[in-house]
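These notes are about the structure you will find just below.
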Amino acid sequence: MATETQANETQFNQNYYSSELTQFANTSQGNEDIEKALNFAAPIVFVARRFEYKKIADNDTFYSENDDIRTIGSSFKHIDFNGETIQAKTFNKGLTVRVDTDDIAGGDWEARYVYALKNRLCCNEYRRTIKAFVETIKAAQKKAKKQIVEPEAWAGEKAQPDADLRNAILMARSEYGFSPNRLLFSEGAWYLRQNYYASQDDTAGAHIAAELSREALAEKLLVENVQLIKQVHLGLQGKELEGDEIFAFYAQNGLLKDEPSAVKRFVTPFDDGYLFRVYVEPHTKYTDITVEHYSNIVVTSATNILQIKVKGA
C-alpha cells in the first residue's frame, strides 16, 4: 500500500538524492495536458530564491516610448519597468509517497511513482493559479471598476454568446486599459455556449458556431488561445469555481520577471538547472520517494484580468 505525505525540506538527506530519477522527472514528457494548462494560465519565470518583481500599475501594461532615437554624441534612453517593487521568495514544495515492499511490481515502479508525484504537484500549482484568478476578481468587487461582465442569458433566439465575448474583450480595452489575449473557460461555461448554439438547429451559423474548436474560436475573437479549466486538473479540493466563469486576461510566455502579465509562476531551478529533484530513501519494509521544487504563484497585474460570468435560461 502506498501512502502520500507532504515533503519536509528539513528531512531531506542528500545521500538519498537520485540523479537518474531526477533526470527522468525533468526530461520525461509527463502529463503534457496539465503542464500546458499551467503555463497558459501562469507563465513560468525563472528567479533566484529571493527576488524582487514589479507589481504593474493600472494603465501601464502597454506603455511604450516615443523617444528611442539616439542623437549624435548621446546615449540611448534608459528605461525602467514601472510599478511597485515587491520583495518575494520562492517556496519549497514537494510530496512524498511511501511504497510498501509488498506493493512493488515491475522494474520501473520508482519512475511511475515519480511521474505520479510530479503530476500531483503540477495540479496543486494549477489549483493555486485558478484560485488567484478567483480571488483577484473578488477583491475587484470592492472597487469602482469591478472587472466583471454579466451578459444576458445564453438562451432564446436573440442570445449571441460569441458577440458577448467579443464585447467583453472590447470593454477590457476601453475601460480597464488592457487587451486580453487569452481566455479561460470553466467547463460549465464552455458547455453552456456549445449547448446554446447546438439548440439553434434552424440556422447554419449557429451550427457552425457549435462545432468551432477552441482554436477556431480564438481566431474568431482575435485572441492568442482559448483553454478550458478542467475539473480533473483541480482535483477534489478544487472548489474555487462555480462553473459559470470565463476569464479574459493578458499573459505571455518567456517574459522577464518585471514585464506585465496577469499571473506569473516564479520558479527557482536547482544548481543543475532542473526544476524538480527526486529522493529515494529505502527502509526495511518500505521506500520513501520524494519529489520537490521551488515556486511562487503571484498576481503581478491584478487589473489585467476580467471575468465574464455567464448563465443559461
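What is the distance in Å between the Cα centres of segment 252-268 and segment 21-50?
Spelled out, the Cα-based centre of one part sits 14 Å from the other.
Using alpha-carbon pairs under 8 Å, 6+ residues apart, how would you state the relative contact order of the chain in percent?
Over the chain, the number comes to 33 percent.
Would you mind checking LYS93/LYS311; LYS145/LYS257; LYS36/LYS285; LYS118/LYS145 for any pair whose Cα atoms are more than 31 angstrom apart?
LYS93/LYS311; LYS36/LYS285; LYS118/LYS145
Whole-Hz Karplus ³J(HN,Hα) for segment 182-194, in order, using 6.51 cos²θ - 1.76 cosθ + 1.60 and θ = phi - 60°, x for Gly and Pro?
Those phi angles translate into 9, 10, 10, 9, 5, 4, x, 5, 5, 5, 4, 5, 4 Hz.
Using a 1.4 angstrom probe on heavy atoms only, work out the carbon and sulfur share of the accessible area of segment 208-313 in %.
Its accessible area is 51 percent carbon and sulfur atoms.
Can you list the residues, at least 5 places off or on another chain, whose amide H is less than 5 Å from the amide H of VAL45, using H built in the peptide plane?
Amide H neighbours of VAL45, under 5 Å, 5+ apart: ARG265, PHE266, VAL267.
Go ahead and estimate [θ] at 222 nm for the chain from helices alone: -39,500 (n - 2.57) per DSSP H run with n ≥ 4, summed, over the residue count, rounded to 500.
That comes out to -10000 deg cm²/dmol.
Residue by residue through segment 305-311, what is 3J(HN,Hα) from phi via Karplus (6.51 cos²θ - 1.76 cosθ + 1.60, θ = phi - 60°)? Round to whole Hz and write x for glycine and proline.
Per residue, the Karplus-derived 3J(HN,Hα) values read 10, 10, 9, 10, 9, 10, 8 Hz.
Considering only DSSP states other than H, G, I, E and B, which GluC sites (Glu not before Pro) in segment 120-191 qualify as loop sites with at most 15 other Cβ atoms within 10 Å?
Within segment 120-191, the qualifying GluC sites (Glu not before Pro) (loop, at most 15 other Cβ atoms within 10 Å) are GLU152, GLU157.
If N is the number of residues in segment 179-285, what value comes out of its Cα radius of gyration divided by 2.2 N^0.38 Å?
1.53
How many Å² of accessible area per residue for the chain, probe 1.4 Å?
Using a 1.4 Å probe on heavy atoms only, each residue of the chain averages 54 Å².
Give the long-range amide H neighbours of ILE308: residues separated by 5 or more places, or on another chain, with amide H under 5 Å away, using H modelled in the peptide plane at 1.01 Å from N.
Here VAL149, ILE246, PHE247, ALA248 satisfy the definition.
The values are calculated or read from the model by the stated rules, or taken from the named source; none is laboratory data. These numbers were taken from a predicted model, which means no experiment stands behind them. All Cβ positions, even for glycine, are placed from backbone atoms using ideal geometry, and neighbour counts span all protein chains on display. With ligands, DNA and RNA removed, areas are computed over all heavy atoms of the protein, side chains included. Shrake-Rupley method; radii C 1.70, N 1.55, O 1.52, S 1.80 Å.
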